[in-house]
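Coordinate-derived values only; no laboratory data. The shown structure was predicted, so the numbers you read here are calculated from the model rather than taken from an experiment. Positions of Cβ are backbone-derived with ideal geometry, glycine not excepted, and every protein chain shown enters the neighbour counts.
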Amino acid sequence: MKIVVLGGGPGGYVAAIRAAQLGADVTLVERKALGGTCLNVGCIPTKVLLHTSELYAQLKQDGQELGLEAADISFNWPQLQKRKDKIIKLNTGGIDALLKKNKIAKVVGSGTFIGEHELKVTAADGSKQTVNFDYAIIASGSEPTRVPIPGADLDGVISSDEALALPEVPESLCIIGGGVIGCEFASVYSSLGCRVTIVEMLPELITTMDQDTVGCLMKQFAKEGIQILTSTQVERIERTESGLKVSTTSSGVSRMIEADKVLIATGRRPVTDGLGLECIGVNADRHGIKVNSCMQTSTSHIYAIGDCTGGIMLAHVASAEGMIAAEAILAESSSDIDFRTIPSCVYTRPELASVGMTERLAREKGFEVRTGVFPLQVNAKSMIMGETNGLVKFVVDARTDEILGLHIAGPRATDLIAEGALAIRLEATLDEIATTIHAHPTVAESLLEAAHAAHHRAIHLHG
């Protein structure tokens, strides 16, 4: 069986490898670099910048408290960019090696469907070739959304892609959009000494996360001097002699923000144009390609996965969908994605992580809710690390004690959230967390304390 995979991101290359493992003859088509948005202009490069910038900020702010004399520490932006590029190269090389190991043919170019079982691939030099297939998996990804703001096309107005490779750290940055992308870049550039303003049209930052955890991030942003304007609409962007000027309104009050750079971080949109979907009868709209639970499109031999479907735009979701699609095509038993157990992570300082329902959502769905909250101010490992701004919060069905959600702010939050995902997957109760011995001293034992706190039995809480 011949399968073509269109796109070599975290969904596409995983789908290709799983299909090859199951015996298919696989061709992967990628127009740019392997790894897609995540590896090249998303998850990986942003975390490289975040890791270094947070180390730098902690040493400058807390070095003396930690016993380190680091008052004169400085950062080397060009070297940081080199390290970022090196890590990207190592990972893309690793994917290429995996494709070779699994005997997957790689074709570089842009793919367009020209028939029910034909894909035309156009290389950068204009040369063309046709790939024939029995089944296709579309993994074309997403691209930054450009909002219709007058002046959004001015020089100095940048996307998240461009924000990763600026020649130098700007003195000031206005970020339009207070979601995950906007907050992560705010954390990077503020930590490196840039004056940052976030403009968000909604009343809260990162509205998908539990607002108790977001409150910890807001506290850190305030400490760093990041200006946050919520419930604020951007009217226009203009060029000035010194840089850019962003005009905003909030409750009828106008405000001007001056900045060297303006980052538009209002999300991403599916890439579906130019794929020739009309030639193969695949149903799609501006929200993405329509698929069923097995990632099958309206055309039975065509599947679609990842960001191009307009679902949850996370690399780990795309990878899971890639395995589901490959297994569905090759008649392997495959389970649907359990959307309750998909963790969401924000790699700021403090880190934020969430899985399952927020307290607000659980109440809206009619659950009788109990919560267990434990602050990291009284967690020994957090004290040792000098990272006590955070909390652990369980959301529980009070009638059954079943865990509905876990929300964490603090160090290692993005690693700790896996325990909550597994607990929800196994329909675990809070008592099962509370009676599981957690190692000491760890940040993880805060989950144990939060579980006890829901039943008013936390050992290390006063009052």
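Structure data summary
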| read-out | value |
| --- | --- |
| Which of His456, His51 has the fewest Cβ neighbours within 10 Å, and the rest in rising order | His456, His51 |
| Cα coordinate range in the chain, projected on the principal axes (Å, largest first) | 68, 63, 47 |
| Rounded to 5, percent antiparallel among DSSP beta bridges of the chain | 65 |
| Projected label distance in nm at Glu65 and Ile312, using a 7 Å step from Cα toward the beta-carbon | 3.4 |
| Cross-link table Lys84/Lys106; Lys223/Lys245; Lys86/Lys128; Lys219/Lys381; Lys84/Lys290; Lys100/Lys290, entries beyond 27 Å C-alpha to C-alpha | Lys86/Lys128; Lys84/Lys290; Lys100/Lys290 |
| In nm, spacing of pseudo-spin labels at Leu22 and Thr341 (7 Å Cα→C-beta vector) | 1.9 |
| Rg to Rh, two decimals, where segment 121-273 supplies the alpha carbon set and Rh follows Kirkwood | 1.08 |
| The chain, relative contact order in percent, only Cα pairs under 8 angstrom and at least six apart counted | 14 |
| Furthest towards positive pole of dipole, Ala454, Gly141, Ala265, structure part the chain, Cβ charges | Gly141 |
| At least 30 Å along the helix axis (C-alpha) and Kyte average at least -0.5, DSSP helices within the chain | none |
| Segment 157-265 - charge dipole about Cα centre, Lys and Arg +1 at Cβ, Asp and Glu -1, debye rounded to 20 | 240 |
| Spread of Cα-to-Cα distances over 10 Å intervals beginning at zero, given as percent, for segment 44-180 | 8, 23, 27, 24, 12, 5, 1 |
| Furthest towards positive pole of dipole, Gly410, Met357, Val14, structure part the chain, Cβ charges | Val14 |
| Between segment 406-463 and segment 101-129, the alpha-carbon center distance in angstrom | 49 |
| Rg(Cα) / (2.2 N^0.38 Å) computed for segment 189-297, rounded to two decimals | 1.48 |
| Taking Tyr303, Tyr189 and counting other C-beta atoms within 10 Å, the order from fewest to most | Tyr189, Tyr303 |
| Relative contact order of segment 341-453, pairs being alpha-carbon contacts under 8 Å that are 6 or more residues apart, as % | 31 |
| Efficiency of FRET between Asp85 and Thr299 - r from beta-carbon atoms, R0 35 angstrom, step 0.05 | 0.35 |
| Cα lying deepest toward the dipole's positive end in the chain, options Thr92, Ala70, Ala325, charges on Cβ | Thr92 |
| Segment 344-400: Rg to Rh, with Rh as the Kirkwood radius over Cα pairs | 1.07 |
| Antiparallel DSSP beta bridges within segment 192-316, as percent of all bridges there, nearest 5 | 85 |
| Column: log10 I(q)/I(0), Debye, Cα scatterers of segment 25-77, q = 0.17, 0.20, 0.21, 0.27 Å⁻¹ | -0.65, -0.76, -0.80, -0.99 |
| Rg and Dmax [Cα atoms of segment 341-453; Å; Rg one decimal, Dmax integer] | 13.0, 40 |
| Cα-centre dipole for segment 28-134 with unit charges at Cβ (Lys and Arg positive, Asp and Glu negative), debye to 20 | 500 |
| Isolated Cys in the chain, by beta carbon distance under 4.7 Å | Cys174, Cys183, Cys194, Cys216, Cys279, Cys294, Cys308, Cys345 |
| Least to most buried among Asp96, Asp336, Asp415, Asp307 (fewest other Cβ within 10 Å first) | Asp336, Asp415, Asp96, Asp307 |
| Charge dipole (debye, nearest 20) of the chain; +1 at Cβ of Lys and Arg, -1 at Cβ of Asp and Glu | 660 |
| Segment 247-299 and segment 1-19: distance between their alpha carbon centers, rounded to Å | 23 |
| Three semi-axes of the equivalent ellipsoid, segment 215-363, Cα gyration tensor, whole Å, largest first | 39, 23, 13 |
| Length-normalised contact order of segment 157-265 in % [C-alpha pairs under 8 Å, at least 6 apart] | 35 |
